[in-house]
Amino acid sequence: MVLRIGHHPNNLHLRLASLWPGAFASFKPEFVSYVEGRETATRLQADEFDIGGTGSTPPILAAASGLSVAYAGASAPRPTNGAIFVAKTADIETIADLKGKPIALVDGSFLTYLLAKRLEEAGLTLNDVERRDIAPVPSREALQEGTVAAWIAMAPHLEQSLVSGEFRVLAHCGDLIPNRSTFWTIKDRGLSAETLDAFAGELQHLGQQIAADPEKAAALLSVDGNEAERRAWTRIVSERNWDVITADTRLLREQQAEADTLFAHGDLAAKLTIDTNTADTNNGKEIGP
């Protein structure tokens, strides 16, 4: 069957799939490029593609808007893909010091969930800070210029800023949240459970190939062929866990926990119930191609 796969720059699994020779060999894949993960639900509704990949938050917001979301699988947790940066000279030592201050982030992504959980540790909520929805590069510039007090960054901008040493890390993602990439569709696209399983299997197979040849992956991701960029991508690819799990009960319970958090912070208008009975029985094990 022909499978239209949406991909955007921040989902490295699917971005590399669109570039990797022979990826998704069991399908006749058509790769559809778009700008960012928060557009996924809208583009699925518009029938622009059949399935996509994002962080954990967009499918929750899609379900909260009334769409019937179906998960194919998810990446391994990404404990290093997320950090809160502040200026080196800032008078900010703890998360509590962010109260009332402007924070740059891609709002409505997993960064919102990360911020919510870090604020909870300080006895605060999302309403206690001023969120500014700014793209990564302008966010970095805003922190450099001092127009925001903090920037919540993700790969590859996070790694670039760590290497440059221009900011101070106030808090890492760590194991505070699972921070998985999720691969999902809406039921209007009509993908069967078998197709979703096969999609997850192809992702796992691709992940094995990427892990075995990170330099090849880095060369594909280095748009300008710049040597420094290629080395940076090699490091990012080498340090990432490329395993994929099926949409099991654990994944859906993680999504439920995030939905509950967003509701408690006022980001969801109503409490969302994610049906864990739709999970398959692989219990988060790695899957074959």
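The values are calculated or read from the model by the stated rules, or taken from the named source; none is laboratory data. This one's a predicted model, so the numbers in the text were calculated from it and none came from an experiment. Note: ideal-geometry Cβ built from the backbone for every residue, glycine included; neighbour counts use all protein chains shown. Just the protein is used for accessible areas: all its heavy atoms, side chains included, with ligands, DNA and RNA removed. Shrake-Rupley method; radii C 1.70, N 1.55, O 1.52, S 1.80 Å.
Taking only protein heavy atoms and a 1.4 Å probe, the accessible area of the chain is 49% carbon and sulfur. Dipole check for the chain: with +1 at the C-beta of Lys and Arg, -1 at the C-beta of Asp and Glu, and the Cα centre as origin, the magnitude is about 100 Debye. Taking other residues whose beta carbon is less than 13 angstrom from the beta carbon of Gly174, and scoring Lys, Arg as +1 and Asp, Glu as -1, yields +1.
When all alpha carbon pairs of segment 132-289 are counted in 5 Å bins from zero, the resulting P(r) reads 1, 7, 12, 14, 16, 16, 15, 11, 6, 1, 0 %. Between Glu166 and Ser65, the simple label model (points 7 Å from Cα in the Cβ direction) yields a spacing of 3.3 nm. Working value for the chain: equivalent-ellipsoid semi-axes of 30, 24, 16 Å, each the square root of 5 times a Cα gyration tensor eigenvalue, largest first. Shape class for segment 131-181, computed from the alpha carbon gyration tensor (a ≥ b ≥ c): prolate, with a/c not under 1.5 and a/b above b/c. Computed from the C-beta positions of Gln256 and Ala219 and an R0 of 45 Å, the FRET efficiency is 0.70 to the nearest 0.05. The Rg/Rh ratio of segment 27-185, with both radii computed over alpha carbons and Rh defined as the Kirkwood radius, is 1.00. For the listed residue pairs Lys117/Lys187; Lys28/Lys187; Lys28/Lys216; Lys187/Lys216; Lys101/Lys271, the alpha carbons are over 25 angstrom apart in Lys117/Lys187; Lys187/Lys216; Lys101/Lys271. Its DSSP H runs of at least 4 residues, each contributing -39,500 (n - 2.57), put the calculated 222 nm mean residue ellipticity of the chain at -11500 deg cm²/dmol, to the nearest 500.
Per-residue SASA remark: Val32, around 40 Å² accessible (1.4 Å probe; ligands, DNA and RNA not included).
Summing charges over neighbours of Val32, with a neighbour being any other residue whose Cβ is under 13 Å away from its Cβ, gives -1 when K and R count +1 and D and E count -1. Phi-derived couplings, Karplus 6.51 cos²θ - 1.76 cosθ + 1.60 at θ = phi - 60°, listed residue by residue for segment 6-20: x, 9, 9, x, 8, 9, 5, 4, 7, 4, 5, 4, 5, 9, 7 Hz, with x used for Gly and Pro. Using a probe of 1.4 angstrom and keeping all protein chains present, the accessible surface of segment 160-273 works out to 45 square angstrom per residue. Within the straight-line cut-off of under 14 Å between alpha carbons, the aspartates and glutamates reachable from Lys99 are Asp91, Glu120, Glu121, Asp128, Glu130, sequence neighbours fewer than 8 places apart in one chain being disregarded. Ranked by solvent-accessible area (1.4 Å probe, protein heavy atoms only, all chains present), the residues His13, His205 order from largest to smallest as His205, His13.
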